[in-house]
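Every number in this text was worked out from the coordinates using simple rules, so none of it is lab data. Predicted, not measured: the structure shown is a model, and the values here were computed from it. Here the Cβ positions follow ideal geometry from the backbone for every residue, glycine too, while neighbour counts run over all protein chains shown.
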Amino acid sequence: MKKIGLFYGTSTAKTATIAKKVKAAFGDAKIDIIPVEDAWKKDFEEFDNIIVGVSTWFDGELPNYWDEVRPELESLNLKGKNVAIFGLGDQIKYPENFVDGIGLLAKSFESAGAKLVGLTSTEGYKFENSAALRDNKFLGLAIDFENQHSKTDERVKNWAEQLKKEFN
């Protein structure tokens, strides 16, 4: 498997926790972790396979660090690269915009020419709306740390297995 870059904001503890779980689920695969706060254009372009972690803040907003990087993402040349996104949200407190961060970043990465991989089922979630949906699937792995913490490890493990097949 080609080298994988895993980008996430290190200032959000729950996203950092999930990033570590994702890396562990890949076993011996070579994964470089790059804090998005320190990422440059060349960092994203260096990898053929990219994993991105994002939380959704408030009413469907990106955290500051992703909000600041997002315009630069759209100027990248990511043609031929695979991007998988995991996102955290709260389907009880924010059911109208559950894991919207996934959808916002998906648009940016697709605008840069990347292929989205790692889409997952909405089964087992209860929410009203999400910008992370396409054809009744999430555009990545949805994690509800607050309300479905007991399902997190299994979801991460299954997603990592899926990505191992989809990454080339």
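Within segment 84-102, the set of residues being among the acidic types (Asp, Glu) and in a loop (DSSP other than H, G, I, E, B) comprises ASP90, GLU96.
Could you list, in sequence order, all residues of segment 67-102 that are among the aliphatic types (A, V, I, L, M) and over 13 Å from ILE143 (Cα atoms)? If the condition is that a residue be among the aliphatic types (A, V, I, L, M) and over 13 Å from ILE143 (Cα atoms), then VAL69, LEU73, LEU76, LEU78, VAL83, ALA84 are the ones that fit. Of everything listed in (1) within 14 Å of GLU68 (Cβ to Cβ); (2) in contact (Cβ under 8 Å) with a residue 60 or more places away in the chain, the single unmet condition for MET1 is (1). Out of the residues in segment 1-54 that are among the small types (Gly, Ala, Ser), closer than 23 Å to GLU166 by Cα and in contact with a helix residue (DSSP H, G or I) (Cβ under 9 Å, 6 or more places away or on another chain), state the one that is surrounded by the most Cβ atoms within 10 Å (Cβ to Cβ). Applying the filter and picking the extreme gives GLY53. Residues of segment 103-130 that are free of Cβ contacts under 8 Å to residues at least 24 places away in the same chain and outside any helix (DSSP H, G or I): LEU119, SER121, THR122, GLU123. Restricting segment 77-102 to residues that are within 12 Å of VAL52 (Cα to Cα) and free of Cβ contacts under 8 Å to residues at least 60 places away in the same chain leaves a set whose member that is surrounded by the most Cβ atoms within 10 Å (Cβ to Cβ) is ILE102.
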